[in-house]
1. Do we have any residue at all in segment 16-32 that's without any contact (Cβ under 8 Å) to a residue 12 or more places away in the chain and at positive phi?
2. Would you point out the residue of segment 6-41, among those that are part of a helix (DSSP H, G or I) and in contact with a helix residue (DSSP H, G or I) (Cβ under 9 Å, 6 or more places away or on another chain), that is nearest to Thr73 (Cα to Cα)?
3. Would you confirm whether any residue within segment 47-68 is in contact with a His (Cβ under 6 Å, 6 or more places away or on another chain) and not aromatic (Phe, Trp, Tyr)?
4. Got a sec? Which of Val24, Val37, Val13, Val72 is open to solvent by 50 Å² or more (accessible area, probe 1.4 Å) and aliphatic (A, V, I, L, M)?
5. Counting only residues that are open to solvent by 40 Å² or more (accessible area, probe 1.4 Å) and either touching a strand residue (DSSP E or B) at 6+ places or on another chain (Cβ under 8 Å) or assigned to a loop (DSSP other than H, G, I, E, B) (or both), how many does segment 53-69 have?
6. Only residues that are at pLDDT below 90 and open to solvent by less than 60 Å² (accessible area, probe 1.4 Å): list them for segment 40-49, please.
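The values are calculated or read from the model by the stated rules, or taken from the named source; none is laboratory data. Small disclaimer: the values here were computed from a predicted structure and weren't measured. Every residue, glycine as well, gets a Cβ built from its backbone with ideal geometry; the counts of neighbours run over all protein chains shown. Areas reflect the complete protein model, heavy atoms only, side chains present, ligands, DNA and RNA absent. Shrake-Rupley method; radii C 1.70, N 1.55, O 1.52, S 1.80 Å.
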Amino acid sequence: MKTLKDARVGETVTVARLHGEGPVKRRIMDMGITKGVEILVRKVAPLGDPMELNVRGYELSLRKADAESIEVT
């Protein structure tokens, strides 16, 4: 299982499944990250956290802890 945390800079991935429960999953979905959405990993901070993503035409910063709950292909 590959997660968004494992994606490299410049790589475009597609969301296969969201893990997590309750408010955490709801917050991720409110950001526009839902099943089938394409995500471009733009860059990663020098110390590795957070990562900057391009989702649905806008830029989003996401912590690696949250990125672990997003399964991608």
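1. Scanning segment 16-32, I find at least one residue that is without any contact (Cβ under 8 Å) to a residue 12 or more places away in the chain and at positive phi, so the answer is yes.
2. Asp6
3. no
4. Val24 is the lone residue from the list that is open to solvent by 50 Å² or more (accessible area, probe 1.4 Å) and aliphatic (A, V, I, L, M).
5. 8
6. Correct list: Gly48 only.
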